[in-house]
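Take a look at the structure below.
The values are calculated or read from the model by the stated rules, or taken from the named source; none is laboratory data. Worth saying up front: this structure is predicted, and the values here are computed from it rather than measured. Cβ placement follows ideal geometry from the backbone for every residue including glycine, while neighbour counts extend to all protein chains displayed. Quick note on the areas: whole protein, heavy atoms, side chains included, nothing else; ligands and nucleic acids left out. Shrake-Rupley method; radii C 1.70, N 1.55, O 1.52, S 1.80 Å.
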Amino acid sequence: MSVALSGLEVIGAEILTRSGKRFDFSSGINTIDYFEDILSPCCTMRINIQISVRMVNSLPIRGGEKVVLKLQTSSGIVDRDGDKAFYVKKIENYAASGTKEVFDMCLVSREGLTNETTRCEKKYQKLTIDQHVKSILKDVLITNNYEDKNIEKTSNTYSFIGNQKKPFYILNWLLPKSIPVAGKSGTDGTKAKGVSGFFFYENSEGFNFKSIEKLIGGIDELPFVEYTYGNVAKENSLRTEFNILDYKMVRNIDLINSLRTGMFSNVTFFYDPYEYKTDFYQYNLKEEILDKLGEQDDIDVPGGFEDSPTRILVRTSDRGILDPNDIAADSGRDNADMAKSFARYNLLFTQSINMTVPCNINLKVGDVISAKFPKVSDSDIPEKDREQGGKYLIKSLRHHFEGNANATYLRLIRDSYGIS
């Protein structure tokens, strides 16, 4: 059995009650599941506990208690303490007998609880969107659980009012409006130029605010993990920790859905009530996209569809609403940002694969990894599939810890085919 599958030691697991009492429950842990998702603002965890003392009603556990966890695995140490500690969200599947309690303790990052008790109340002046993100993290969520390198700068400024919305709601609302610094942006006559779209999520490094182009761009200069299924690469045959245990393609191209979302081509009608005029912008993703995960030079668009707009968007200018000193000023949004982000998000999720690998806690959502799959062939000589294999972005993951059955479950996505 692979060391990555079998190696686990619970160094410590404590819950801190509201009264200040510390209780070590490490001896009662059956399984631990740790979750990350690029579409989720917070990491979560589920711990299945079977213990011979009364915990839930004797401590008691009523939600909001801090949980500190430290694990030694074959791929490193999981240390969730300080800013990265988890807090009890709920107790599920509780059962008790005369000698033991069995239950699932569901945990969430502290900011997941803070999000429910705070609101974005003020008017946010015309600054770059990454500055707004840092302001909300620091001043509203009151957290230092992020690194400056993981908050990517945007090229566009934006002014808006918080309207008493929860911070995670505002942060997600800003994502499709954010435009990366690199590349083109704005409009050119009747053409919308550039790309748009960011993700806000938490992984083992803390909170991240990154564009799609940043996540997949420049990957050739960075080291990335390579996984192999079967004997398609002899040099990896002894590196069992990088073997793919199982995989399944769960999504491929969906042409109807792509057309309905306007992925290949769309148009935006932009009405300006200040000047009483309507502008028209057409957006063709094939002409504007920069980096892709696959080797193909262009997006594989069925004949004719790339020039036929399949979605119509209507926007109204917000001139004069946010600047009392200048009725002609707007909030700073790109006139066709929604058209650009809808197309780019949808393209990124074109392909999706579920994959199981030996437990590797160094993997995190937002990482790019390489996967090699065998080609279907009558030959006895194993070959790699150059269409299905290649680089993928980790969309979500689950680290499962259980005695001798540790594994990492990945959901991988990408926007194009082939090994680059």
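So, V195, is that one more than 16 Å from the chain's Cα centre (by Cα), of a type in the set (A, V, I, L, M), modelled with pLDDT under 95 and surrounded by fewer than 19 Cβ atoms within 10 Å (Cβ to Cβ) or not? Please lay out each step first, then the result.
Values: more than 16 Å from the chain's Cα centre (by Cα): yes; of a type in the set (A, V, I, L, M): yes; modelled with pLDDT under 95: yes; surrounded by fewer than 19 Cβ atoms within 10 Å (Cβ to Cβ): no.
No: the conditions fail for V195.
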Q. Does any residue of the range 111-118 turn out to be surrounded by 17 or more Cβ atoms within 10 Å (Cβ to Cβ), within 30 Å of V368 (Cα to Cα) and in contact with a Phe, Trp or Tyr (Cβ under 7 Å, 6 or more places away or on another chain)?
A. yes
Q) Is there any pair with a first residue in the range 179-197 that is free of Cβ contacts under 8 Å to residues at least 40 places away in the same chain and a second that is small (G, A, S) whose Cβ atoms are under 7 Å apart and which are 6 or more apart or on different chains, and what are they? A) P180/S155; P180/S211; V181/S155
Q | Pick from the range 273-304, criterion among the charged types (D, E, K, R) and modelled with pLDDT of 90 or more, ranking: nearest to A192 (Cα to Cα) | A | D279
**Q.** Single residue of the range 308-329 satisfying the filter (charged (D, E, K, R) and modelled with pLDDT of 75 or more) that is nearest to T261 (Cα to Cα)
**A.** R311
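Inspect all residues belonging to the range 68-77 and state whether any of them is closer than 30 Å to F349 by Cα, modelled with pLDDT of 95 or more and of a type in the set (A, V, I, L, M, F, W, C). Walk me through it before giving the result.
Let us first name the residues in the range 68-77 that are closer than 30 Å to F349 by Cα, namely 75.
Retained after the next criterion (residues that are modelled with pLDDT of 95 or more): none.
No, because not a single residue in the range 68-77 is closer than 30 Å to F349 by Cα, modelled with pLDDT of 95 or more and of a type in the set (A, V, I, L, M, F, W, C).
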Q) Looking at (1) of a type outside the set (A, V, I, L, M); (2) in contact with a Lys or Arg (Cβ under 7 Å, 6 or more places away or on another chain); (3) open to solvent by 50 Å² or more (accessible area, probe 1.4 Å), can you tell me which one E101 breaks? A) (3)
Q | Among the candidates A85, A95, residue that is out of contact with any Pro (no Cβ under 9 Å at 6 or more places or on another chain), small (G, A, S) and open to solvent by less than 20 Å² (accessible area, probe 1.4 Å) | A | A85
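Please verify whether the range 287-305 includes one or more residues that are part of a loop (DSSP other than H, G, I, E, B) and polar (S, T, N, Q).
We begin by selecting, within the range 287-305, every residue part of a loop (DSSP other than H, G, I, E, B); these are 289-304.
Filter once more, so that each one left must be polar (S, T, N, Q): 296.
Yes; the residues of the range 287-305 include at least one that is part of a loop (DSSP other than H, G, I, E, B) and polar (S, T, N, Q).
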Q: Go through (1) open to solvent by 50 Å² or more (accessible area, probe 1.4 Å); (2) within 22 Å of P309 (Cα to Cα) and name the single condition M249 misses.
A: (2)
Q: Please determine, by comparing only the residues of the range 30-48 that are more than 21 Å from the chain's Cα centre (by Cα) and open to solvent by 30 Å² or more (accessible area, probe 1.4 Å), which one is nearest to G366 (Cα to Cα).
A: N48
(Q) Can you report the number of residues in the range 215-252 which are among the hydrophobic types (A, V, I, L, M, F, W, C), modelled with pLDDT of 80 or more and in contact with a Ser or Thr (Cβ under 8 Å, 6 or more places away or on another chain)? (A) 6
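Among the listed residues V108, V67, identify the single one that is touching a residue at least 40 places away in the same chain (Cβ under 8 Å), over 14 Å from A13 (Cβ atoms) and surrounded by 15 or more Cβ atoms within 10 Å (Cβ to Cβ). Full working, then the answer.
Working: V67 fails: over 14 Å from A13 (Cβ atoms).
Exactly one of V108, V67 is touching a residue at least 40 places away in the same chain (Cβ under 8 Å), over 14 Å from A13 (Cβ atoms) and surrounded by 15 or more Cβ atoms within 10 Å (Cβ to Cβ), namely V108.
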Q. Do you know which of the residues in the range 384-420 that are within 21 Å of D291 (Cβ to Cβ) and of a type in the set (S, T, N, Q) is surrounded by the fewest Cβ atoms within 10 Å (Cβ to Cβ)?
A. S420
